[in-house]
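So the structure is just underneath, and the comments pick up after that.
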Amino acid sequence: MAIHPILEVPDPRLKTVSTRVEAFDDELRTLVADMFETMYDAPGIGLAAIQIGVPKRVLVIDLQHEGEDGEPVRTPRVFINPEILDPSNEHTLYNEGCLSVPDQYAEVERPSTIRARWQDLDGKVHEEAMDGLMATCLQHEMDHLEGVLFIDHLSRLKRQMVLKKLEKLRKAA
Ligand SMILES: [Zn+2]
């Protein structure tokens, strides 16, 4: 396993539309293992393959809940070739961030509940109703597969503000 550098805005590769996974092989397993290691190291709760430069429809998510001893418990989930079905008309605002837009947060409105369909590492199809942070996170990660970032949901003015702040932070570092 290996930790990969995470692409950050304005890297043009983040605008790539990722392609479907056809081969459920060892290469895919290695990619997913590397994605988890990279995400936990960052740390973050979700990562799309394109964020480490691989244009494939692969996502990893771990919302980590707090265990009895107060320590975070890992609940790693893999989504391959994910699709969203039945997005609700009701929307929720969530203050989102992204490892590719470091230290910047903004409220984004998305459908509150969805059904998701995806494949696992063996190619088996799963379907599940999702709400709350899981629904938000999956929709955010799925945007990456279309080359869309959460800041693309903001007004042009707000997006420019975020990018300027990021530029300032980078200069100061
Ligand atoms: Zn993201």
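The values are calculated or read from the model by the stated rules, or taken from the named source; none is laboratory data. The structure displayed is predicted, hence computed values, not measured ones. Counting neighbours? That spans all protein chains shown, and the Cβs are built from the backbone with ideal geometry, glycine included. Ligands, DNA and RNA are stripped out before the accessible areas are found, and what is left, the full protein with its side chains, is counted by its heavy atoms. Shrake-Rupley method; radii C 1.70, N 1.55, O 1.52, S 1.80 Å.
In the range 1-98, what percentage of the DSSP-assigned beta bridges are antiparallel, given to the nearest 5?
90
Treating only the Cβ atoms of Lys and Arg (+1) and Asp and Glu (-1) as charged, compute the dipole magnitude of the range 12-172 about its Cα centre; round to the nearest 20 debye.
Computed charge dipole of the range 12-172: roughly 1120 debye.
Taking R0 as 30 Å, what FRET efficiency do you get between Glu8 and Thr75 from their Cβ-Cβ distance, rounded to the nearest 0.05?
After rounding to 0.05, the efficiency reads 0.65.
Indicate the gyration tensor shape class of the range 30-125 (rounded, prolate or oblate), computed on the Cα atoms with a ≥ b ≥ c the square roots of the eigenvalues: a/c under 1.5 is rounded; otherwise a/b larger than b/c is prolate and the rest oblate.
Rounded, because the longest to shortest axis ratio a/c is under 1.5.
Counting only heavy atoms of the protein chains, get the accessible area per residue of the chain (1.4 Å probe) and round it to a whole Å² value.
56
Just want to confirm a number: the relative contact order over the chain, from Cα pairs under 8 angstrom separated by 6+ residues, in percent.
22
Could you pull out the pairs from Lys56/Lys165; Lys15/Lys165; Lys56/Lys124; Lys56/Lys158; Lys15/Lys164 whose alpha carbons sit more than 27 Å apart here?
In this structure, Lys56/Lys165; Lys56/Lys158 lie more than 27 Å apart at Cα.
From the residues Val32, His140, Leu157, which one has its Cα farthest along the dipole of the chain in the positive direction, the dipole being from +1 and -1 charges on Cβ of Lys/Arg and Asp/Glu about the Cα centre?
The residue sitting most towards the positive pole is Leu157.
Residues with beta-carbon under 13 Å from that of Met39, excluding Met39: net charge, scoring Lys, Arg +1 and Asp, Glu -1?
After counting each charged neighbour, the total is -3.
Quickly estimate the mean residue ellipticity at 222 nm for the chain, helices only: each DSSP H run with n ≥ 4 gives -39500 (n - 2.57), and the total goes over all residues, rounded to 500.
For the chain, the value works out to -9000 deg cm²/dmol.
Please work out whether the range 12-172 counts as rounded, prolate or oblate from its C-alpha gyration tensor, where a ≥ b ≥ c are the square roots of the eigenvalues and a/c under 1.5 means rounded, while otherwise a/b larger than b/c means prolate and anything else oblate?
Since a/c stays below 1.5, the shape of the range 12-172 is classed as rounded.
Calculate, in nm to one decimal, what Gln64 and Leu133 gain on full extension: separation in residues at 0.36 nm each, minus their alpha carbon distance.
Extra length from Gln64 to Leu133 when fully extended: 23.7 nm.
Would you mind calculating the gained length between Asn95 and Met1 on full extension (0.36 nm times residue separation, minus the Cα-Cα distance), in nm to one decimal?
Here the segment from Asn95 to Met1 would lengthen by 30.7 nm.
Of Leu169, Trp118, Thr75, which is farthest on the positive side of the dipole of the chain, counting Cα position, with +1 on Lys and Arg Cβ, -1 on Asp and Glu Cβ, and the Cα centre as origin?
Leu169
Quick one: of the DSSP bridges fully inside the range 12-172, what percent are antiparallel, nearest 5?
95
Extending each Cα 7 Å along its Cβ direction at Leu85 and Lys171, get the distance between those two points in nm, one decimal.
That separation, rounded to one decimal, is 5.1 nm.
What part of the accessible area of the chain, given as a whole %, is carbon or sulfur when the probe is 1.4 angstrom?
With neighbouring chains kept in place, the figure for the chain is 52 percent.
Using θ = phi - 60° and the Karplus curve 6.51 cos²θ - 1.76 cosθ + 1.60, what whole-Hz ³J(HN,Hα) does each residue of the range 55-67 get, with Gly and Pro shown as x?
Using θ = phi - 60°, the values come out as x, 10, 7, 9, 10, 10, 9, 8, 7, 6, 9, 7, x Hz.
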